[in-house]
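Participant: Attaching a single structure in structure tokens format; questions to follow.
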Amino acid sequence: MMYRYLVIVFMLFGPQVFAEPLSLSVTKISKDLAAETVDIKVVELHESDEKKSNTVTYTGIPLNVLLQYLYPKQWNTFEGEIYLYALDGYFSIVDAEKARQGDAYMTFARADGQPFTLDNRNQQERGVALAPFYLVWDNLKEPELLTSNAYAWPYQVFSIELVSDAMLKSLLPQGASAEVEAGFDGYKNNCLSCHKIDGFGGNKFGMDIRQSIKGRSREELYEWIDTPSTVNRFTTMPPLDPGVTGENRKQLINRIIDYLQAI
């Protein structure tokens, strides 16, 4: 029997408290939570754009239910962030409060029996394997989720970590200005998934972001964040969230640059 592993680590900062890592197979989770397993139809953001919406129905378990199953004593009172790690080095953050709202599902198959894969349009990748787990959001029930980007839809998820807010705040420079703080929020939501800082964050592109941007001018950084393919036509790096446009887009990019130049 082939097992797909989901490694769970529970971490609380302050005094650091660690629970033993758990290795759970998709088979075990789907068996233990069979009564909670559902089919969820979504607009697949990785395969959709402003001209075309592609819907897919996946099979999975509500994220809130899964976390209650994994952490029966801790989850109801936990306040902080959920970190999800992927096999390809991707890293995603979900706020615990948002996870409890019931719109997120940890899926492990397509309901139609087709291969558990997708085409990642933004990164120009076809037939990307999604196993072991793929986090999706019910954007048909909650239409405002249609305007979100695909950064919050991590696939190949094998590890989940619960972490206090203090960890993220440690990435802010001391005495950071309001602009730098806003830039950090923008970086966290759009960049940290792939580009790590001081060993923290995604590892999809390996190099620490401070090394990547060394020697780049503000103008070069702006172009790279806005439309990376104009800098390197072979890059798989997606452009900044296309749902952010006009002056809001300019402001977001400039705040991210403020943060990058402050760290």
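The values are calculated or read from the model by the stated rules, or taken from the named source; none is laboratory data. Because the structure is predicted, anything quoted here is derived from the model rather than measured. Cβ placement follows ideal geometry from the backbone for every residue including glycine, while neighbour counts extend to all protein chains displayed. Each accessible area value is taken on the protein alone, full model and side chains, heavy atoms only, with ligands, DNA and RNA left out. Shrake-Rupley method; radii C 1.70, N 1.55, O 1.52, S 1.80 Å.
Participant: With just the Cα atoms defining each centre, how far is region 54-119 from region 121-148? Give it in Å.
Facilitator: Cα centroid of region 54-119 versus Cα centroid of region 121-148: 11 Å apart.
Participant: Measure off, as a whole percent, the carbon and sulfur share of the 1.4 Å-probe accessible area of the chain, all protein chains present.
Facilitator: Carbon with sulfur: 50 percent of the solvent-accessible area.
Participant: Starting from the Cα of Lys73, draw a straight line to each of the lysines and keep only those under 23 Å, dropping any in the same chain fewer than 8 residues away.
Facilitator: Qualifying lysines at Cα under 23 Å: Lys28, Lys31, Lys98.
Participant: Grab the DSSP H runs of the chain that are 4 residues or longer, score each as -39,500 (n - 2.57), total them, divide by all residues and round the 222 nm result to the nearest 500 deg cm²/dmol.
Facilitator: It comes out at -7000 deg cm²/dmol, rounded to the nearest 500.
Participant: On average, how much area does the Cα convex hull of region 82-198 cover when viewed from any direction, in nm²?
Facilitator: 8.5
Participant: Given that compact globular proteins tend to follow 2.2 N^0.38 Å, what is the ratio of the alpha-carbon Rg of region 132-263 to that value?
Facilitator: 1.09
Participant: Using θ = phi - 60° and the Karplus form 6.51 cos²θ - 1.76 cosθ + 1.60, what ³J(HN,Hα) does each residue of region 96-104 get, whole Hz, x for Gly and Pro?
Facilitator: With coefficients 6.51, -1.76 and 1.60, one gets 4, 4, 5, 5, 6, 6, x, 9, 9 Hz.
Participant: Here is a further query. Please report, to two decimal places, log10 I(q)/I(0) for the chain at q = 0.07, 0.08 Å⁻¹ as given by the Debye formula with identical point scatterers on the Cα atoms and no solvent.
Facilitator: -0.25, -0.33
Participant: Using alpha-carbon pairs under 8 Å, 6+ residues apart, how would you state the relative contact order of the chain in percent?
Facilitator: About 19 percent, as a whole number.
Participant: Between Arg233 and Asp32, what's the calculated FRET efficiency when r is the beta-carbon distance and R0 is 51 Å? Round to 0.05.
Facilitator: Computed FRET efficiency for Arg233 and Asp32: 0.60.
Participant: Another question about this same structure. Could you sort the peptides 194-202, 227-235 by per-residue average Cβ neighbour count (10 Å cutoff), highest mean leading?
Facilitator: The packing order, highest mean first, is 194-202, 227-235.
Participant: Restricted to Cα positions, what overall size does region 119-160 have along the principal axes? Three whole-Å values, descending.
Facilitator: Between the extreme Cα coordinates on each principal axis of region 119-160 lie 26, 26, 14 Å.
Participant: Compare Met207, Met237 by solvent-accessible area with a 1.4 Å probe and give them largest first, with all protein chains kept in place.
Facilitator: In descending accessible area the options line up as Met207, Met237.
Participant: In square angstrom, what is the accessible area per residue of the chain with a 1.4 angstrom probe?
Facilitator: Normalised by residue count, the accessible surface of the chain is 51 Å².
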